[in-house]
Amino acid sequence: MNDQLVKFMLGTGHVRGVLVRLEATWAELQKRRNYPQAVAALVGQMAAASTLMAGSLKFDGALVLQIQGDGPLKLAVAECQPDFGVRATAKMADDLPDAAALSSDLAALVNQHGNGRCAITLDPRNPESGLQPYQGIVALTDPQGQTLPSLAAMLEQYLAQSEQIDSMLLLASNAQVVSGLLLQRMPGAQHTAEDAAQPEEDYARARHLAATLTPEELLELAPEEILRRLFWEEEVRVFEPQSPRFHCTCSRERVVGMLRMLGRDEVESILAERGEVDVRCEFCGQGYAFDAIEAAQVLLNTLAQPPTASSNRH
């Protein structure tokens, strides 16, 4: 079964939705990193959630979902590019207890001492567009201060409070598949006083139907089967499916840029200690090695580049 992202609308357009199923992408993500089961479940759901949210936006850039934890999980990041290239990674605490005993409860995993945080960043693809990166902070807790029970609950709260969009998010993961469903009430859908209540009624009905979907069905059924199973009495408009895939944006050129930003003193210090500069991508595991001659050439090229009119402008 191919990985798919499917956008759809219900009825007269008061409700929109996105379905995603990641199988090959999820296999590629897991092949590169070995996570404890509880962490793998969260990373997979973050990959699905970032893809769903990117699919619901009209934005030419990357959507980055990031959780910083103060428990066994220190950092988890999922990124979806505008062409639905997906990558994700996680970093555990150095003094990790028995991995098999890790709880999937968010409070225990990422918000143990109340210092965990989650953020959504929109990073424009074209710097010349004039758009600036935007970051929204996602609360890990409900209004009573209790850690929310799931990633889906956190993102639902964020969309309702920060984006003012009524949303329902379902996420599920196992070792083979991660899947998700996002339903949203279209803002400004009513046109007259007579039909002002219709968007709310349509959205409430769609939520009720979606709530009957079990995690097992979400994982086992193809997107078109899920739509048929949930909304067989509704008019469903399905748009052209997209094909998410694993894709890492790291490159040797980007690492060269990073080394130039570090500067000569830092690079020479690493060379003196290790004999080479070895940088490994946290997302895909790709290694980029520079021996003393290659590193010197990187720094020499930096010093040799004369200023230009273009560079002076930036």
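The values are calculated or read from the model by the stated rules, or taken from the named source; none is laboratory data. This structure is a prediction, so every number in the text was calculated from the model and none was measured. Cβ coordinates were reconstructed from backbone atoms using ideal geometry, including for glycine residues, and neighbour counts include every protein chain displayed. SASA here: full protein model, heavy atoms, side chains in, ligands and nucleic acids out. Shrake-Rupley method; radii C 1.70, N 1.55, O 1.52, S 1.80 Å.
Evaluate the following for ARG254: is it out of contact with any strand residue (DSSP E or B) (no Cβ under 7 Å at 6 or more places or on another chain) and charged (D, E, K, R)? Against the criterion (out of contact with any strand residue (DSSP E or B) (no Cβ under 7 Å at 6 or more places or on another chain) and charged (D, E, K, R)), ARG254 qualifies. The residue that is modelled with the highest pLDDT, counting only those in the stretch 143-201 that are farther than 29 Å from GLY44 by Cβ and surrounded by 13 or more Cβ atoms within 10 Å (Cβ to Cβ), is GLU200. Condition check for ARG87 on (1) at pLDDT below 95; (2) farther than 30 Å from GLU201 by Cβ; (3) among the basic types (Lys, Arg): one failure, at (1). Report yes if some residue within the stretch 14-27 is within 22 Å of CYS281 (Cβ to Cβ) and open to solvent by 20 Å² or more (accessible area, probe 1.4 Å); otherwise report no. Yes, because at least one residue in the stretch 14-27 is within 22 Å of CYS281 (Cβ to Cβ) and open to solvent by 20 Å² or more (accessible area, probe 1.4 Å). When the stretch 210-256 is filtered for residues that are open to solvent by less than 50 Å² (accessible area, probe 1.4 Å) and of a type in the set (Ser, Thr, Tyr), the ones remaining, listed by number, are THR249, SER251.
For ASN111, the conditions (1) modelled with pLDDT of 90 or more; (2) in contact with a Leu (Cβ under 9 Å, 6 or more places away or on another chain); (3) open to solvent by less than 20 Å² (accessible area, probe 1.4 Å) are fulfilled apart from (1). State the number of residues belonging to the stretch 267-289 that are within 29 Å of ARG87 (Cα to Cα) and part of a helix (DSSP H, G or I). The qualifying residues number 2. Applying a threshold of 9 Å to beta carbon distances and a minimum spacing of six or more residues, or different chains, the list of pairs starting in the stretch 173-187 at a residue that is within 18 Å of ALA153 (Cβ to Cβ) and ending at one that is part of a loop (DSSP other than H, G, I, E, B) and polar (S, T, N, Q) reads LEU182/SER56; GLN184/SER56.
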